[in-house]
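The values are calculated or read from the model by the stated rules, or taken from the named source; none is laboratory data. Computed from a predicted structure; not experimentally measured. Ideal geometry is used to build each Cβ from the backbone, glycine not excepted, and the neighbour counts take in all protein chains shown.
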Amino acid sequence: MAQAESFLELLKIDTDRYNVIAVVGGGGKTSLIYRLNDELLAMGKKVIITTTTHMAYEARRPFTSCRDMEETDRLIRQYGYVVAAEREESTGKIKALSPEILMTLRDHCDVLLIEADGARQMPLKVPESWEPAIPSIAELVISVVGLDCLGKPISETTHRVERTAEFLKKGLDAPVTTEDVIKIASSICGLFKNVEDRVYRVYLNKSDVLSQNEPAEEILRGLEEQHTVAAYGSLKETCAPDSVSAIEENAAEVREARSI
């Protein structure tokens, strides 16, 4: 079997040109960030992971206060990457950082990965007026859509339910269609919001839930007409950060993904 493309290849991401990446949209953002992190580590890149909103904290990950640059550098030397943020005691999550701190973090790594949106693990969303929190230093934005939203009611499968229904001009019980996903992923009022002149990519997650690939292919064609680079596949549990063999095994899971 031919070796699969990596997620960086699928999404046509040149991290030598774009080294501050913000991830927005539906559920799967954190998994995608850690998958990109694994691939970057395999390339010998030094990575910092952080957020401009709230992000789940995983105790097994190397973590430091975003203000402790000495410890940040030490952990990067030890693990190749670090999660640098502030922890919110009430929720256990890590929380948003100031633009000044983000700029400092950028200078301590090769690639800065930023979770810049929240969706409460729902596969699809249309942002409210204050969302997403894309920082000014971001050079590339990836939006994530879970394909398990297709055919299900807006009320059951989206974050910001009323906002999504209003944007699509549909009732809350209307099923989500491929046309809806294309519209949300490409609109400046949808997931393209606040992207402006940055490089933009779309990742369609959970293609494994589809009985056939045609819906994903249809979305890719629709996004291609909007001059948007996209890919589909399935994110699984991210591998241990120091396991190269696990990284290679995980890469094989995207063998059915296709980029445009």
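Looking at segment 119-137, can you tell me whether even one residue there is modelled with pLDDT under 95, at positive phi and either of a type outside the set (A, V, I, L, M, F, W, C) or surrounded by fewer than 20 Cβ atoms within 10 Å (Cβ to Cβ) (or both)? Yes, some residue in segment 119-137 is modelled with pLDDT under 95, at positive phi and either of a type outside the set (A, V, I, L, M, F, W, C) or surrounded by fewer than 20 Cβ atoms within 10 Å (Cβ to Cβ) (or both).
Once segment 93-118 is narrowed to residues that are assigned to a loop (DSSP other than H, G, I, E, B) and within 14 Å of the chain's Cα centre (by Cα), the residue that is surrounded by the fewest Cβ atoms within 10 Å (Cβ to Cβ) is Gly118. If we scan segment 135-144, do we find a residue that is over 15 Å from the mean Cα position of the chain (by Cα) and either assigned to a loop (DSSP other than H, G, I, E, B) or in contact (Cβ under 8 Å) with a residue 40 or more places away in the chain (or both)? Yes, segment 135-144 contains a residue that is over 15 Å from the mean Cα position of the chain (by Cα) and either assigned to a loop (DSSP other than H, G, I, E, B) or in contact (Cβ under 8 Å) with a residue 40 or more places away in the chain (or both).
Applying the set (1) within 16 Å of Phe192 (Cα to Cα); (2) part of a strand (DSSP E or B) to Glu86 leaves exactly one unmet item: (1). Given the structure, is Ile33 under 30 Å from Val161 (Cβ atoms) and not small (Gly, Ala, Ser)? Yes.
Being at pLDDT 90 or above and not in a loop (DSSP other than H, G, I, E, B) holds for only one residue in Ala251, Ala165, and it is Ala165. The residues of segment 152-162 that are buried (at least 16 other Cβ atoms within 10 Å of the Cβ) and either on the phi > 0 side of the Ramachandran plot or in a loop (DSSP other than H, G, I, E, B) (or both) amount to a single one, Arg160.
So which pairs qualify, if the first residue must be in segment 197-211 and at positive phi, the second must be assigned to a helix (DSSP H, G or I) and not aromatic (Phe, Trp, Tyr), the Cβ gap must be under 9 Å, and the two must be at least 6 apart or on different chains? Short answer, once both residue conditions are applied: Lys206/Leu147; Lys206/Asp148; Lys206/Cys149. Residues that are within 19 Å of the chain's Cα centre (by Cα), outside any helix (DSSP H, G or I) and either among the charged types (D, E, K, R) or on the phi > 0 side of the Ramachandran plot (or both) within segment 39-75 comprise Lys45, Lys46, Glu58, Arg61, listed in sequence order.
Once segment 9-35 is narrowed to residues that are β-branched (Val, Ile, Thr) and touching a Leu at 6+ places or on another chain (Cβ under 7 Å), the residue that is surrounded by the fewest Cβ atoms within 10 Å (Cβ to Cβ) is Thr15. Quick one: in segment 208-227, which of the residues that are surrounded by fewer than 22 Cβ atoms within 10 Å (Cβ to Cβ) and of a type in the set (Gly, Ala, Ser) is modelled with the highest pLDDT? Selected residue: Gly222. Within the set Asn194, Asn205, the sole residue that is in contact with a Ser or Thr (Cβ under 7 Å, 6 or more places away or on another chain) and at pLDDT 50 or above turns out to be Asn205. Between Val195, Val202, the distinction of being part of a strand (DSSP E or B) and either among the β-branched types (Val, Ile, Thr) or under 19 Å from Leu32 (Cβ atoms) (or both) belongs to Val202 only.
Residue-level analysis places Lys236 among those that are of a type in the set (Lys, Arg), at pLDDT below 90 and within 17 Å of the chain's Cα centre (by Cα).
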